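S.K.: Mind having a look at this structure? Questions to follow.
The values are calculated or read from the model by the stated rules, or taken from the named source; none is laboratory data. Predicted model only: the values in this text are computed from it and were never measured. Cβ placement follows ideal geometry from the backbone for every residue including glycine, while neighbour counts extend to all protein chains displayed.
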Amino acid sequence: MKPFLKDGKSLLIAYDQGLEHGPSADFDDRNVNPQFIMDIAEEGNFSGVVFQKGCAEKYYKESSGIPLIVKVNGKANLTKGDVISRQVCSVKKAISIGAKGIGYTIYAGSSYESEMFQEFGRIQEEAHDHGLPAISWVYPRGGKIPDLGGDSTKETVAYAARIGLELGADAVKIKYSGNSEDFKWAVQSAGKAHVFMSGGPKTNTDEDFLKLVTGVMDAGATGVAVGRNVWQHQDPLNITAKIKEIIFEGKRIG
């Protein structure tokens, strides 16, 4: 994880929503253009930028100095039933377009989870063979999740973190459990794997989001992988500066 860390902390900007959600769900005339996100990443001096293969090939520039994470699996939001997200980009291809890290989403709880476990295991080993960290997005979906109280309970979020550790992830990107005390258990459960909060949907106010970031950092997390709460913002660089104050400078909100 060294390329993405500053004093053990990190702020990633994620932009894989176009494949996962479709353009009408999240984009407007500004942020539908991947170049807009690349500009934010560079001007905001993010610790890393997350793209799917196509956006990385066409918009990422190594000269930006911003380390690239390529998501190597993905799915559309057009089917019903249990979720499965399969590999769509090889580790070799990701490296050829400048990747310094490999990302992969696992939908724990899906009836297809074992297939994603197996696939990530192979990808993690291949990434490590090339000296790259493997980062796992672990999102509980389907199965017993509703019976356990949903995907953001203390127990479920900690289980997601532990799945990443057990499968060899160098970092896990997980949903926030709602309060710092509960999220500490997720951070503990992740062991030596770095923990990033998934930025999630745009919050109602800046303060709402900054309070979440504060709770995450107080719990001992490495940082945040944020998307919509930055590139849907009216002033992306302003909110970026406020997030960085919390992550890197120890400022606290709320």
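S.K.: Specify the residue that is farthest from I163 (Cα to Cα); the eligible residues are those in the range 97-142 that are surrounded by 15 or more Cβ atoms within 10 Å (Cβ to Cβ) and acidic (D, E).
M.R.: Applying the filter and picking the extreme gives E126.
S.K.: Determine which member of the set I243, I239 is surrounded by 17 or more Cβ atoms within 10 Å (Cβ to Cβ), of a type outside the set (S, T, Y) and touching a His at 6+ places or on another chain (Cβ under 6 Å).
M.R.: That would be I239, the only listed residue that is surrounded by 17 or more Cβ atoms within 10 Å (Cβ to Cβ), of a type outside the set (S, T, Y) and touching a His at 6+ places or on another chain (Cβ under 6 Å).
S.K.: Right, something else. Inspect the range 100-122 for any residue being modelled with pLDDT of 95 or more, in contact with a helix residue (DSSP H, G or I) (Cβ under 6 Å, 6 or more places away or on another chain), within 17 Å of P3 (Cα to Cα) and of a type in the set (S, T, Y) and give the result as yes or no. Write out each step before concluding.
M.R.: Filtering the range 100-122 for residues modelled with pLDDT of 95 or more gives 100-122.
Filter again for in contact with a helix residue (DSSP H, G or I) (Cβ under 6 Å, 6 or more places away or on another chain), leaving 100, 102, 104, 106, 108.
Next, only the ones that are within 17 Å of P3 (Cα to Cα) stay: 100, 102.
Checking which are of a type in the set (S, T, Y) leaves us with none.
The answer is no, given that none of the residues of the range 100-122 is modelled with pLDDT of 95 or more, in contact with a helix residue (DSSP H, G or I) (Cβ under 6 Å, 6 or more places away or on another chain), within 17 Å of P3 (Cα to Cα) and of a type in the set (S, T, Y).
S.K.: Could I ask something else about it? Would you point out which residue out of L5, L11 is in contact with a Lys or Arg (Cβ under 8 Å, 6 or more places away or on another chain) and closer than 21 Å to G65 by Cβ?
M.R.: Details: L5 fails: in contact with a Lys or Arg (Cβ under 8 Å, 6 or more places away or on another chain).
Testing whether each residue is in contact with a Lys or Arg (Cβ under 8 Å, 6 or more places away or on another chain) and closer than 21 Å to G65 by Cβ leaves just L11.
S.K.: Could you say whether any residue in the range 234-254 is in a loop (DSSP other than H, G, I, E, B), touching a residue at least 12 places away in the same chain (Cβ under 8 Å), within 16 Å of the chain's Cα centre (by Cα) and more than 17 Å from F36 (Cα to Cα)?
M.R.: no
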